[in-house]
Amino acid sequence: VQTPAGLPSHEPAEPHASASQLCTSIRMETGSSGGRRLPKTESAEMRWVVPGGAYEEDEIDSSDDGDGGTDTPTAALGSRGGGGGYSDAEEDEEDALLRQRLVRTGPRADSFDVEALDVPGLYRHQEFTMGRSIVLALQTLGVVFGDVGTSPLYTFDIMFNKYPNTSKEDVLGALSLVIYTLILIPLLKYTLIVLWGNDDGEGGIFALYSLICRNAKASLLPNQLPSDTRISSFQLKVPSVELERSLRIKERLETSSMLKKLLLMLVLFGTSMVIADGVVTPAMSVMSAVNGLKVGISSVNEGEVVMISVAFLIVLFSLQRFGTSKVGLAVGPALFIWFCCLSGIGIYNIMQYGTEVLRAFNPIYIYYYFERNPTQAWMSLGGCLLCATGSEAMFADLCYFSVRSVQLTFVCLVLPCLLLGYLGQAAFLMENLTQNEQVFFLSIPSKTNWFV
């Protein structure tokens, strides 16, 4: 950055001073003269402003002119030519231009972010204390893992609903299906792969679609504002096989209208499936929980279970208006106790009925299960999928929490408790082959039935 000709300074400026050196000298100059000291920011944006000006109206518009140049003080002076003969007004304007300085300013916040009281990067460097980390973990449990955490209530009931189990090997095969479904879908797919495909912390299908449309011209609707052209995310990439493949895919996507339409249809179809899951799952979870009353009170019938479930659903959906943070913090402790109950009941049943269920970690039992009963095994896959219901919430609700917090909560707490819970139910089933309904509540020790 060269110092504009005729710019007054206390010391002779270097002919090729860097922007950072110039900003430092300007800060020292304004500080020594009693002006407002400029705060140190992480933005590399440079603007021509009047020294001491603290408001936006003091900023000089540096937009491009007709021939692509920039209106700097040097350009303004040069546009008048080198001759004299200025009027008084022109001399005053020249003096005002000479008093301008090139300073480093803070990043401009998007108007929509300011309106939503959410400026990107505002809390990016915030240090979390131990108490804040515990609160965040409880909120993660309440918001993200409530769905997958209640799946042990009904998974085995639905798997053996059409075709009751007749042997211990069938129970081991069904348990092995559940174990490897939890490992493949929530753990490998979402926790280790999909969570890293976020759009600057935003998760969900539309976030991925927005990310694709910003990096490739694949949108069927205009999705860029004029201000977006000033934002650069340039990264120097070394030529590689992956880069060449991605460039070929990008070129194919940008030139094919059929692929653009197919991509949009897949996005809408996936969103519809998420909405359908949000409609079905709460009813299944609440009714399965209330069905436990049938075990404790023999006089409770199905109609009463439905009415109690409807009342619970009305209350739960009415609470959503208080916001995700408050609801998650209220439900989080209850879900923490729930996961601890799952693991405790599982350990109790394994010790009570034997450790033979641990053989289900061998996937060969899945093959044996399909070999003996192909139709029954195929029908049980529908119930097996329910054990991973709610896994998509880890990615869809990523905007509320960080990737690391979701990963640690699932790996360290949710997954071990779920596995212990399913192992305990399978251990109970292997010793009680005729009990195909209300497996979860029947496997609970009688003294803790009402607490659970």
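Would you mind stating whether SER256 is of a type in the set (S, T, N, Q) and either modelled with pLDDT under 85 or in contact with a His (Cβ under 7 Å, 6 or more places away or on another chain) (or both)? Considered against the rule, which asks whether it is of a type in the set (S, T, N, Q) and either modelled with pLDDT under 85 or in contact with a His (Cβ under 7 Å, 6 or more places away or on another chain) (or both), SER256 comes out as no.
Would you check if ASN362 is over 32 Å from the mean Cα position of the chain (by Cα), open to solvent by less than 20 Å² (accessible area, probe 1.4 Å) and polar (S, T, N, Q)? So ASN362 fails the test. The C-beta contact set for the stretch 122-142 (first residue within 15 Å of VAL403 (Cβ to Cβ) and of a type in the set (Asp, Glu), second residue surrounded by fewer than 11 Cβ atoms within 10 Å (Cβ to Cβ) and modelled with pLDDT of 80 or more, distance under 6 angstrom, 6+ apart or interchain) is empty. Within the stretch 205-220, being among the hydrophobic types (A, V, I, L, M, F, W, C) and in a helix (DSSP H, G or I) holds for ILE205, PHE206, ALA207, LEU208, LEU211, ILE212, CYS213. Any residue in the stretch 164-171 that is β-branched (Val, Ile, Thr), open to solvent by 30 Å² or more (accessible area, probe 1.4 Å) and assigned to a helix (DSSP H, G or I)? Checked against the condition, which is being β-branched (Val, Ile, Thr), open to solvent by 30 Å² or more (accessible area, probe 1.4 Å) and assigned to a helix (DSSP H, G or I), the stretch 164-171 yields no hits at all.
The residues of the stretch 181-204 that are open to solvent by 60 Å² or more (accessible area, probe 1.4 Å) and in a helix (DSSP H, G or I), listed by number, are LEU184, LEU188, LYS189, TRP196. Scanning the stretch 243-258 for residues that are within 12 Å of LYS217 (Cβ to Cβ) and under 28 Å from the mean Cα position of the chain (by Cα) turns up LYS250, LEU253, GLU254.
The values are calculated or read from the model by the stated rules, or taken from the named source; none is laboratory data. Here the structure is a predicted model, which is why all the values come from computation and not from measurement. When we count neighbours, we look across all protein chains shown, and the Cβ atoms used for this are built from the backbone with ideal geometry, even at glycine. Each accessible area value is taken on the protein alone, full model and side chains, heavy atoms only, with ligands, DNA and RNA left out. Shrake-Rupley method; radii C 1.70, N 1.55, O 1.52, S 1.80 Å.
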